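Structure first, then comments.
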Amino acid sequence: MARLIFLGPPGAGKGTQASLLAQHCEIPHISTGEILRAAVAHRTELGVKAQGYMDRGELVPDQLIVDLVHERLLQPDAASGWILDGFPRTVSQAKFLDELLESIGQSYDCVINLDVPDETLVKRLLSRGRADDNEDVILNRLHVYREQTAPLIDFYSDRQQLRSIDGNQTVDQVTAALKQIIQA
Ligand code: AMP
């Protein structure tokens with residue numbers, strides 16, 4: 001059973017690695033970004049509310065996200081473990097997650113931070129071609145990451161829950177490093 005939180009700037013490879021590791025551990029990969037993109041594509045109420053923020057590279061309001069995560073973690077497949085990718089994104093979301101997990105009798109094993117230099121991030125994001133991957137939006141997402149999400153590195157390392165991995169390696173090398181951490 002593994003319960004992991006993936007942290008890292010946009011373009012660090014969180015989605016790729018979380019998906020590979022989730023398959024390996026046979027647990028769900030829960031990406032709030034993917035859930036939101038599906039909601040936008042299906043024009044659900046959530047999607048309509050979230051789209052403008054996503055198009056600008058801003059975070060969607062906490063209330064939209066915390067309800068979504070709450071619902072997702074209560075699904076039966078999440079009882080056997082999970083990887084959270086893209087959540088929490090702010091200190092207030094991290095505090096919410098602590099309360100939520102306590103209320104459903106769960107806890108996480110550790111928080112994995114994928115460390116990648118800015119030049120590599122921009123290069124990777126520009127080559128990805130997602131709707132929110134044009135240069136202005138990319139720069140805004142990096143700015144939002146630094147302002148709102150990077151403080152989580154201290155938040156979790158102060159609690160001795162953070163493990164950092166050099167994300168500036170090949171996909172296979174990063175996957176190998178991750179497997180080592182979860183087997184330790
Ligand atoms: P991602 O796929 O994780 O890069 O997320 C894409 C976009 O979805 C972000 O730029 C935000 O607009 C939104 N998003 C995803 N996760 C969150 C979150 N935890 N809090 C707020 N906004 C989020």
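The values are calculated or read from the model by the stated rules, or taken from the named source; none is laboratory data. Here the structure is a predicted model, which means the values were calculated and not measured. No Cβ is skipped: glycine too gets one built from the backbone with ideal geometry, and neighbour counts run over all protein chains shown. Areas reflect the complete protein model, heavy atoms only, side chains present, ligands, DNA and RNA absent. Shrake-Rupley method; radii C 1.70, N 1.55, O 1.52, S 1.80 Å.
The separation of segment 1-68 from segment 105-124, counted between C-alpha centres, amounts to 14 Å.
Max-minus-min Cα coordinates of segment 81-184 on each principal axis give 41, 30, 24 Å, with the largest extent listed first. Determine the alpha carbon to alpha carbon distance for each of Lys49/Lys123; Lys14/Lys123; Lys95/Lys179 and list only those over 25 Å. Exceeds cut-off: Lys49/Lys123; Lys95/Lys179. Across the accessible surface of the chain, with the other protein chains kept in place and a 1.4 Å probe, carbon and sulfur atoms take up 48 percent. Dipole size of segment 1-77 about its Cα centre, with +1 on Lys/Arg Cβ and -1 on Asp/Glu Cβ: approximately 160 debye, rounded to the nearest 20. Full extension of the segment from Ala184 to Thr120, taken as 0.36 nm per residue of separation minus the current Cα-Cα distance, would add 20.1 nm.
A quarter of the convex hull surface defined by the alpha-carbon atoms of segment 30-78 gives 3.3 nm² as the mean projection.
Summing Cβ point charges (Lys, Arg +1; Asp, Glu -1) relative to the Cα centre of the chain gives a dipole of roughly 260 debye. What the pair-distance distribution of segment 1-117 shows, using all Cα-Cα distances binned every 5 Å from zero, is 2, 11, 22, 24, 22, 14, 5, 0 percent.
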